[in-house]
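A short reminder: the numbers here are calculations on the coordinates, not readings from a lab. If you're wondering where the values come from, they're calculated on a predicted model, not measured in any experiment. All Cβ positions, even for glycine, are placed from backbone atoms using ideal geometry, and neighbour counts span all protein chains on display.
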Protein chains: 2
Amino acid sequence: MKRSRPLKRKLKRSEPKRPEPDAVDPRSIDDDPVVQGILTAISQKRLKPGAKLGEDKLAAAFGTTRIHIRQALAHLAARKVVMQIPNRGAFVYRPSWEEALDIFAARRLIETATVAAAIDRLDKAGRAELKAHMELEARHDRNDRWASLSLTADFHILVAKLAGNQVLLDMSRELMLRTSLAIATFEQPGEPDCSPDAHPDIGALILARDKAGAVHAMRHHIEEMEQRIRPTEGEDEVDELTAIFQEIGARARAGG
Amino acid sequence: MKRSRPLKRKLKRSEPKRPEPDAVDPRSIDDDPVVQGILTAISQKRLKPGAKLGEDKLAAAFGTTRIHIRQALAHLAARKVVMQIPNRGAFVYRPSWEEALDIFAARRLIETATVAAAIDRLDKAGRAELKAHMELEARHDRNDRWASLSLTADFHILVAKLAGNQVLLDMSRELMLRTSLAIATFEQPGEPDCSPDAHPDIGALILARDKAGAVHAMRHHIEEMEQRIRPTEGEDEVDELTAIFQEIGARARAGG
DNA sequence: GCGCCAAAAATTGGCGCCAATTTATTGTCT
DNA sequence: AGACAATAAATTGGCGCCAATTTTTGGCGC
């Protein structure tokens, strides 16, 4: 095909063979309005696990086309936020009970280590940011459920940010989202997401550089969250029955 | 067709309003041949960071259509394995230097905690699995570079599996893939991926239930890997050329 | 009335085509 | 000769259409 020019020093005109992906347009599909919309709707619990995400509906709702929606859904399916079933469509992901437990266990493992790392590298700017958030959380409007949810998630995000690791931060974001799916799936109705003073306590311990204390408080906080979910007791008999029957029906129809 | 049993409980006929996504076809796009193919090609370092992934080429290579490829690429882009740039196409993800460091730091943090958890819940079956893998690794063919790569990755995967947390396991898989991208991007040529006896050492410490020792060995092992990369000093020319040739090779292999 | 079978409506899956943009090649000027 | 500019080729992006499957609706027999 082409020539492989002996290298002189610089790369001349026949060089643009390599596209240099780093150097350009870092814009990804992450900030797609559809993806962001579904994500915030889920984290605000306005979309419940198992909810159908029809392509036409979404296209109409976001004022875009079906192709765009499908890309967004594929993206979200890769992040385990939605579940795609062939010929059935996309649904808000509903973790199994075991998966929910695993999510909490993973958070326990990761966030305890994260908070320790955050204390290690805590600097003036981090202190200020943490204080600012704690103050914000202290006097937020507890009646605004959606704002509350955002704030409580933001605290954990902030701790992950203080650890100074973008990869870890992204993983924590992911886990937080899946946590909210787990809670939405298995929570007892009517309880708040977090005990009100857990975050101030942890924040104070971080500011005091009390590593052992902060780690312990974080673990306790996550365990407390975990205590709030139950494996669909009581009324899920019906739920399980419907699932079983529907599965039998689907199998019979499909397998013939 | 054999039909379903008579169900007497609830569930009248106008009830199936809710589709129950849990109960059906857990088959996801994860085991799509295109996704798996690109993934293994990357983990075997046959696809190098920055390589162009043209839709037509891939469609021809996998014997499928462009639409299918686009879904697979969207999936991989969400997992940060490929990078999609509008109107330019998809490329094998090339982490920045900072991101590479973050990946190693995240692995240090997560895998040390993982190995501790693995020791805590180590049982007979886990022991056997670990021993089997160590034996396999002990007498593998070191000339088969691809098999070697698979084996070394499998050790870390196995440790994550022993921890008994599917979510953590998936995250570790993800991190391992991104590690191989980081190494492929910034490695010095000609060095092996792992020091040969790191894995046996760690395995022995796990079997001995020496938690502190295993954690330390794991941290050291990851730090050793991290030491092997350098921030593209000076030899950009060479790097560019290799990239060019690799891309030409990939093109030849894919399109013919 | 209840549950099963058949037809209809709605939804997803997939392909081809064409426009928009980028990339490679060629020509021209300094 | 080297660099810039215009043209040509290749690639991605997007829309419409139609087939395949599923979900709903209606009808029949017990």
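Copy-to-copy label distances for A:Asp141, where each label lies 7 Å from Cα along Cα-to-Cβ, are 6.9 nm in order of increasing length.
Spin-label model, B:Asp123/A:Arg127: points 7 Å from Cα along the beta carbon direction are separated by 4.9 nm. Around the Cα centre of the range A:125-174, unit charges on the Cβ atoms of Lys, Arg, Asp and Glu (plus for the first two, minus for the last two) sum to a dipole of about 120 debye. Annotation for B:Pro196, label-to-label distances across the other copies: 6.5 nm (shortest first, one decimal, point 7 Å from Cα along Cα→Cβ). Taking trypsin sites (Lys or Arg not before Pro) across the range A:140-207, the ones in a DSSP loop with at most 12 further Cβ atoms lying within 10 angstrom of their Cβ are A:Arg142. Sorted from closest to farthest, the other copies place their B:Arg66 label points 1.9 nm away, with each point set 7 Å from Cα along Cα→Cβ. In the range A:31-92, one over the average inverse separation of all distinct C-alpha pairs is 11.4 Å, which is the Kirkwood hydrodynamic radius. By the compact-protein rule of thumb, 2.2 N^0.38 Å, the alpha-carbon radius of gyration of the range B:118-166 corresponds to a ratio of 1.22.
Please compute, for peptide B:85-93, the average count of beta-carbon atoms on other protein chains lying within 10 Å of each residue's beta-carbon.
On the way: counts 7, 5, 1, 5, 2, 1, 5, 1, 1.
Shielding by partners across B:85-93 averages 3.
Looking at the square roots a ≥ b ≥ c of the eigenvalues of the Cα gyration tensor of the range A:97-227, which shape do they give, rounded for a/c under 1.5, prolate if a/b is larger than b/c, or oblate? Verdict is oblate for the range A:97-227. When only alpha carbons are used to place a centre, the range A:95-155 and the range A:44-85 end up 27 Å from one another.
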